[in-house]
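**Student:** Could you have a look at this structure, given as structure tokens, before my questions?
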Amino acid sequence: MTTVDHDLAKRALIEEREKLVRQLAELGASETGELRDDLEFGDGFADAGAATAERTEVLGIVESLKSQLEAVDGALAQIDRGTYGTCANCGRDIPVARLQARPASILCVDCKSKLR
Ligand SMILES: [Zn+2]
């Protein structure tokens, strides 16, 4: 069985995590996806509708970053438990090529498409 290098994967995941946290911070959100209270929307917008639309858009991006962060954390936890590289749902091996392309994969392709 070909396995993926856990140290290598861990480094890639930590890098990915830092990138996601940084992106969240740039949007004014914490790691848990909470927006800062003092965050102002709508500066320079003439109407409140545009400000609301901007806020909705930012929240959408925050949501997507947050779920990516959760996946990264899940994969890091799997590395700690020594189960990295196996599907968190069915326990089958995840192809190494998939892990190399997406280190945060904790589900095999089958489960991922079924759970969507
Ligand atoms: Zn699976």
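The values are calculated or read from the model by the stated rules, or taken from the named source; none is laboratory data. This is a predicted model, so every value here is computed, not measured. Counting neighbours? That spans all protein chains shown, and the Cβs are built from the backbone with ideal geometry, glycine included. The protein model used for the area step is the full one, side chains on, heavy atoms only, and it has no ligands, DNA or RNA in it. Shrake-Rupley method; radii C 1.70, N 1.55, O 1.52, S 1.80 Å.
**Student:** With every protein chain kept in the model, how would you rank K19, K66, K114 by accessible area, 1.4 Å probe, largest at the top? Provide the component values of the computation, followed by the final result.
**Tutor:** On the way: K19 95, K66 45, K114 150 Å².
Ranking K19, K66, K114 by accessible area, largest first, yields K114, K19, K66.
**Student:** Now, a different point. Compute the longest continuous run of the chain that contains no exposed GluC sites (Glu not before Pro); treat a site as exposed when its DSSP state is not H, G, I, E or B and it has at most 15 other Cβ atoms within 10 Å. Please report the intermediate quantities before stating the final value.
**Tutor:** Details: sites that count: E31, E34, E40.
After excluding every exposed loop site, the longest remaining stretch is 41-116.
**Student:** How much net charge surrounds E63 when only the other residues with a Cβ under 13 Å from the Cβ of E63 are counted, with Lys and Arg +1 and Asp and Glu -1? Could the numbers behind the result be given before it?
**Tutor:** Numbers: positive: R55, K66; negative: E34, E57, E70.
Net local charge, E63 excluded: -1.
**Student:** Relative to the longest principal axis of the C-alpha atoms of the chain, give the angle of the C-alpha long axis of helix 48-81, reported between 0 and 90° and rounded to the nearest 10°.
**Tutor:** 20 degrees
**Student:** Another question, then. So how strong a dipole does the chain carry about its Cα centre when Lys and Arg Cβ are +1 and Asp and Glu Cβ are -1, to the nearest 20 debye? Mind showing how you got there, number by number?
**Tutor:** Numbers: 15 positive and 21 negative charges, 177 e Å.
For this selection, approximately 840 debye.
**Student:** What whole-number value in Å² describes the accessible area per residue of the chain for a 1.4 Å probe? It would help to have the intermediate numbers written out before the result.
**Tutor:** Numbers: 7590 Å² over 116 residues.
That works out to 65 Å² per residue.
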